[in-house]
Amino acid sequence: MIDLAVKDISHSPRRFIFTCFGIGMLLMVVMAMGGIYRGFVDDATVIVKNTGADVWVVQKDTNGPFAEESRIPEDLKHTLGVLPGVSDTGALSFQTIQINWKGKPNRLFIIGYDPNLGLGGPPEIIAGRPILRRHYDMVANFKSGLRLGDKLTLGQDTYTVVGLTGNVVSPSGDPVIYMTLADAQKVQFQKNNEAIRNDRQRLKEELSGLLPQGADEGRIADALSNDTHIVNSVVLKVRKGYPVSRVAADVERWKHYRAFTVPEQETILTMGLVQKAKMQLGMFRIILLIVSMAIINLVIYTQTMDKIREIATLKLIGASDWTIVRLIVEQSLLLGFFAYWIGFAIINLTYKYFPRRVVLVPFDLKALFVIVMFICVMASFAGVRSALKVDPAHALGG
Amino acid sequence: MKEVVRVEGLRKVYGSGETEVVALSDANMTLREGEVSAVLGPSGSGKTTMLMCLGCIVEPTAGRMFIGGEEIYGDGSWKRRDLRRLRREKMGFIFQSHNLIPFLNVLENVVIASELTGVPRKEAEAGAMELLEYLEVAHRAAKFPATLSGGEMQRVAIARALVHDPSLILADEPTAALDTDRGKKVVALLKNLAKKRGVGVIVVTHDIRMVEGFDRVYHMKDGSILDE
């Protein structure tokens with residue numbers, strides 16, 4: 001049987017092509033929004049995944065270190081390191097900074113880690129070398145705008161980019177730079193000289209009268225005001241075969257800190273940080289799909305109305321309802337099919353240039369294809385209904 | 001010769017009460033194989049209603065109708081799809097404005113009528129080409145209708161009406177869009193084809209010049225057949 005839908009389209013393809021392109025652009029935006037959401041989720045959890053830890057220990061009653069502030073002593077890593085089941089520990093600090101780099105504001109996320117311990121460092125080095133010295137080395141995300149050998153002054157010191165790592169970003173999408181924990185603590189906690197002098201004086205005054213006679217108030221105040229041995233989280237690696245949840249429970253029960261397993265930490269990040277973005281993007285996607293459906297509906301309905309006489313003639317010469325329905329539904333499906341692949345091609349060519357990370361997941365794209373095809377069938381209903389109502393007598397007369 | 005169509009006391013009424021219009025009243029007609037009949041009358045005389053009844057497009061209000069000896073609507077069990085099958089298999093239509101499908105080429109316009117009856121593509125194409133050659137439009141087989149002249153389009157329409165070997169051809173003002181000479185040629189062609197293929201042809205027209213040499217001419221006025 002002659003494929004009437006294809007014959008009609010190929011006879012006057014211009015309108016079909018333009019419509020496909022327009023709907024393809026809409027579908028491209030739908031794909032991009034899905035990809036941006038996936039990017040949000042991926043960005044939110046990439047540090048948790050890359051750290052290689054099984055348990056995240058943070059300040060009690062907080063959802064730290066990403067969703068809430070958390071400050072705990074660095075030496076907790078030693079205490080937790082001897083808990084049953086713990087094979088490795090690491091102390092990490094996190095801080096977002098904004099610098100002016102080459103005349104432009106640049107937001108960066110500093111991760112401080114101990115290179116001598118196994119946890120928390122850059123997942124890979126794609127250029128240069130890892131951090132080998134205790135001070136003034138840094139490894140930067142290659143998308144941070146920093147290059148090997150660049151020097152960056154943070155606080156009172158200048159740091160050199162000695163290595164570049166992959167696209168590791170903070171939960172907010174800011175590129176990560178890695179430093180030694182000592183350097184990161186200095187950047188985060190060390191005060192300038194004037195502030196140190198003021199703090200020291202204030203503490204000295206507060207301590208006077210509280211300390212026993214003969215105590216050196218000056219030295220005590222000095223030690224307290226200069227303490228930078230604070231971290232945002234201590235991470236634990238659990239021995240193979242030992243229940244991670246038991247380690248987390250032990251930490252909470254005996255050490256009075258909050259402990260999250262990796263899935264719990266990921267839930268906090270995805271549910272808390274990206275939930276609104278997910279809903280927002282989801283709503284936009286639904287709206288765009290409805291708009292696409294309305295356009296396809298209108299186009300197919302208009303095309304059907306343009307063919308009323310031909311449909312009446314076909315009915316008069318005995319064409320079945322199925323022949324008529326197929327003509328309309330097939331055109332709608334072809335419209336959706338080509339529009340989808342146009343959108344698919346455009347997003348694959350452009351997703352790298354989006355300001356935020358776009359992660360195209362095959363499952364999402366396949367699901368969208370099925371949805372688009374379903375929408376096309378639905379959108380053809382108005383056209384089909386009108387076509388089936390056409391009276392064959394319409395073919396008679398001039 | 002076998003009877004192709006017979007109608008007895010056919011009546012068609014549109015509307016009811018004050019808006020009632022009697023479009024066809026007590027019409028009787030018989031057509032045999034190879035015969036060419038004309039239904040002649042001015043606008044509003046009921047010609048098109050007669051054609052629509054014969055073509056099973058509208059159901060008559062009263063009367064009996066036989067096509068190929070089979071009574072249509074008789075026991076009330078006829079469904080829309082049965083009527084469509086009847087049109088598809090036993091009837092061919094020729095229209096005033098040709099009604100060729102603009103997005104199909106000449107050959108496809110003819111082939112589709114054959115394919116609708118279930119004839120395989122190759123066989124349908126062979127039959128269509130044979131008819132197009134007979135009608136001297138085979139050289140335009142790959143062209144689209146928009147590039148044809150009025151006469152060529154009407155010959156293609158005739159080919160489409162005949163390609164599936166129907167027993168009845170219903171032609172609605174087939175010469176209205178043609179000049180007199182071309183119109184006469186088309187009528188002559190229909191008469192020849194009817195004799196040659198044993199098809200019954202009913203031509204509905206208002207143009208008295210076109211009915212010369214027809215086997216029967218039915219004059220209609222105000223929904224009634226006045227004389228034969």
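The values are calculated or read from the model by the stated rules, or taken from the named source; none is laboratory data. Not measured: the values here are computed from a predicted model. A quick note on method: Cβ atoms are made from the backbone with ideal geometry, for glycine too, and the neighbour counts reach across all protein chains shown. The accessibility values were calculated without ligands, DNA or RNA, using every heavy atom of the protein model including side chains. Shrake-Rupley method; radii C 1.70, N 1.55, O 1.52, S 1.80 Å.
Which residues, counting only those in the range B:117-152, are under 21 Å from A:SER10 (Cβ atoms) and either open to solvent by 40 Å² or more (accessible area, probe 1.4 Å) or outside any helix (DSSP H, G or I) (or both)?
B:ARG121, B:GLU125, B:ARG140, B:ALA141, B:ALA142, B:LYS143, B:PHE144, B:ALA146, B:THR147, B:LEU148 - these are the residues of the range B:117-152 that are under 21 Å from A:SER10 (Cβ atoms) and either open to solvent by 40 Å² or more (accessible area, probe 1.4 Å) or outside any helix (DSSP H, G or I) (or both).
When residues of the range B:42-90 are filtered for being of a type in the set (A, V, I, L, M), over 15 Å from B:SER224 (Cβ atoms) and part of a strand (DSSP E or B), how many remain?
Of the residues in the range B:42-90, 3 are of a type in the set (A, V, I, L, M), over 15 Å from B:SER224 (Cβ atoms) and part of a strand (DSSP E or B).
If you take the residues of the range B:69-90 that are at pLDDT 85 or above and in contact with a Ser or Thr (Cβ under 8 Å, 6 or more places away or on another chain), which of them is nearest to the other protein chains (Cβ to nearest Cβ)?
B:ARG88
Mind checking whether some residue in the range A:199-207 is part of a loop (DSSP other than H, G, I, E, B), more than 23 Å from the chain's Cα centre (by Cα) and hydrophobic (A, V, I, L, M, F, W, C)?
no
Out of A:VAL86, A:VAL55, A:VAL30, report the one residue that is over 29 Å from A:VAL238 (Cα atoms), more than 14 Å from every other protein chain (Cβ to nearest Cβ) and at pLDDT 90 or above.
None of the other options fit; the residue is A:VAL30.
Exactly one of these conditions fails for B:MET210: (1) among the aliphatic types (A, V, I, L, M); (2) free of Cβ contacts under 8 Å to residues at least 60 places away in the same chain; (3) touching a Ser or Thr at 6+ places or on another chain (Cβ under 6 Å). Give me its number.
(2)
What number of residues within the range A:318-339 satisfy the criterion of being part of a helix (DSSP H, G or I) and either farther than 25 Å from A:LEU289 by Cβ or not assigned by TED's automatic domain parsing to the domain that holds A:MET293 (or both)?
Counting residues in the range A:318-339 that are part of a helix (DSSP H, G or I) and either farther than 25 Å from A:LEU289 by Cβ or not assigned by TED's automatic domain parsing to the domain that holds A:MET293 (or both) gives 4.
Does A:ALA140 fit the bill of being assigned to a helix (DSSP H, G or I) and small (Gly, Ala, Ser)?
Answer is no for this residue.
Looking only at the range A:114-133, count every residue that is assigned to a strand (DSSP E or B) and touching a helix residue (DSSP H, G or I) at 6+ places or on another chain (Cβ under 6 Å) and tell me the total.
Residues in the range A:114-133 being assigned to a strand (DSSP E or B) and touching a helix residue (DSSP H, G or I) at 6+ places or on another chain (Cβ under 6 Å): 0 in total.
Quickly run through the range B:121-142 and pick out the residues that are free of Cβ contacts under 8 Å to residues at least 24 places away in the same chain and either of a type in the set (Lys, Arg) or facing chain A (nearest Cβ under 10 Å) (or both).
B:ARG121, B:LYS122
I'm trying to understand the selection: among the residues of the range B:176-213, which are in a loop (DSSP other than H, G, I, E, B) and open to solvent by less than 10 Å² (accessible area, probe 1.4 Å)?
Correct list: B:VAL199 only.
Okay, residues lined up against (1) open to solvent by 50 Å² or more (accessible area, probe 1.4 Å); (2) outside any helix (DSSP H, G or I):
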| residue | (1), (2) |
| --- | --- |
| A:SER70 | no, yes |
| A:LYS77 | no, no |
| A:THR89 | no, yes |
| A:PRO105 | yes, yes |
| A:LEU152 | no, yes |
| A:THR158 | yes, yes |
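Being closer than 14 Å to B:VAL204 by Cβ and in a strand (DSSP E or B): is that true of B:PHE93 here?
Against the criterion (closer than 14 Å to B:VAL204 by Cβ and in a strand (DSSP E or B)), B:PHE93 qualifies.
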